Amino acid sequence: MVIKSMIMKKRRVVITGMGVISPIGNDVNKFWNNLVNGVCGVTKIESFDSSKINVHLAGEVKDFDPKECGLSKIQQRKCDRFSQFAIAASKQAMLMAGDIDMDPARLGVYIGSGIGGIHTFVKHTKDLIENGPKWISPNFISTMISNMASGNVAIDNNAQGPSLPIVTACATGTHSIGEAFHAIKDGYADAIIAGGSEAAVTELAIAGFANSKALSTYDDPAMGSIPFDKRRKGFVLAEGSGIVVLEEYEHAKSRGAEMYAEIVGYGNTCDAYHFTAPRPDGSCAARSMKQALNDSGFVPGKDLVHINAHGTGTPLNDTSETAAIKLAMGEEEARKAIICSTKSMTGHMLGAAGGVEVIAAALALKYGIVPPTIGLEEPDPDCDLDYTPNKARKANITIALSSSLGFGGHNACVALRKI
């Protein structure tokens, strides 16, 4: 018997839909307009009394009404806030994508969450302590577990294809999009709803991050999230969801879909160094960036690169990420790159950050505008690259990288090209 082998041609993957719930807007247009105008979404905490903690700022989602976002009564009643954000952002993304009209077995969902249903966890823990186990809802587990954003979105869209809810802390959204890109490219699906969702602005979570010395202790919202500035004290915890519809290029083209950017590369590495601190020399994060750049067909001297940096505003992250960019691109090309941290405006949405930032990178490519890093008034000498301080900039960028670095040493980077 002669066995014939055939190597499948790698398929192209494009973004045809986007959806955002964020501290600076609950739809893509408002989010983007606020980004390019440098609007700060960091405010004094309103959802609980923070007087017993030394952290008083957060990036809270404002004016979110699940009913107005199209959620059913069951979804409003039985879904944790992080799942509601994911459902709402996914509805936006699917509406933007238009009539995909495909076999449900070829439509997947890759939506992760770094923390999951902590609002549900806190509520039921209080009920247990105050009233006993009989008061714990039978829906407690199915509402709390972090895979349920993905599960609920799959149910909402009858998506019966591959489903992979990823949990890699702050790199979750980027890993989700990167792995979805590979799944479509390798032929396991024709479209995947991908990204991240998070709703961890609770007293418990903020106390935990605050006691680990990760959060900014400034009281002035304008000073809260100031990546790459020598005055930075930490990140600002935020919430929201960023979801994209990834689709195989020929399928999107055949139905006349608008394409916002092409996903052309993905890198995935681990520092294997410390449970919260990044590897100081940035070498492993650099490899994830370099993997994505190599996949993209990056040509030094020809391509102009924009990087939506992880840029948290913690002392360790910003210096090690600067080192990583230099290692990945080389000193000369790194100094040409136009970098920004949109976390200066949104705060850090943990597992949702990567999804939101890939959307920001795609829109930067589409419109030729790099959003600013606001609050960057006193640059750290160790952070000596071009971070687009305080004002958006027009630029003919050809490649955009979105990089995320998570607790546990998880590094992810997605590369996009202009369509």
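With the condition being in contact (Cβ under 8 Å) with a residue 40 or more places away in the chain and surrounded by fewer than 23 Cβ atoms within 10 Å (Cβ to Cβ), I'd like the strands (runs of 3 or more DSSP E) fully within the range 242-358 carrying at least 2 qualifying residues.
By residue number, 261-270.
Can you tell me which condition T16 does not meet? The list is (1) of a type outside the set (A, V, I, L, M, F, W, C); (2) touching a strand residue (DSSP E or B) at 6+ places or on another chain (Cβ under 7 Å); (3) within 17 Å of A200 (Cα to Cα), and all the others hold.
Answer for T16: the failing condition is (3).
Being assigned to a loop (DSSP other than H, G, I, E, B), over 19 Å from the mean Cα position of the chain (by Cα) and either in contact (Cβ under 8 Å) with a residue 40 or more places away in the chain or within 28 Å of G41 (Cα to Cα) (or both) narrows it down to one residue among D156, D219; which is it?
D219
Restricting to the range 341-369, what's the tally of residues that are under 17 Å from the mean Cα position of the chain (by Cα) and either of a type in the set (G, A, S) or over 16 Å from F31 (Cα atoms) (or both)?
The qualifying residues number 13.
Within the range 111-153, restricting attention to residues that are among the small types (G, A, S) and more than 26 Å from the chain's Cα centre (by Cα), which residue is nearest to A412 (Cα to Cα)?
Here the answer is S137.
Only residues that are of a type outside the set (S, T, Y), in a strand (DSSP E or B) and touching a His at 6+ places or on another chain (Cβ under 9 Å): list them for the range 381-410, please. Spell out the reasoning first.
Kept after step one, since they are of a type outside the set (S, T, Y), are these residues of the range 381-410: 381-386, 389-397, 399-401, 405-410.
Filter once more, keeping what is in a strand (DSSP E or B): 389, 393-394, 399-401, 405-406, 410.
I399, A400, L401, L405, G406, H410, listed by residue number.
Might you let me know whether the range 395-404 holds any residue that is outside the structural domain of F181 (by TED's automatic domain parsing) and more than 21 Å from Q291 (Cα to Cα)? Quick ask: steps written out before the conclusion?
Step one: of the range 395-404, the residues outside the structural domain of F181 (by TED's automatic domain parsing) are 395-404.
Those left that are additionally more than 21 Å from Q291 (Cα to Cα): 395-396.
Yes, the conditions are met somewhere in the range 395-404.
The values are calculated or read from the model by the stated rules, or taken from the named source; none is laboratory data. Note that the structure is predicted; figures quoted are calculated from it, not measured. Note that each Cβ is placed from the backbone with ideal geometry, even for glycine, and that neighbours are counted across all protein chains shown.
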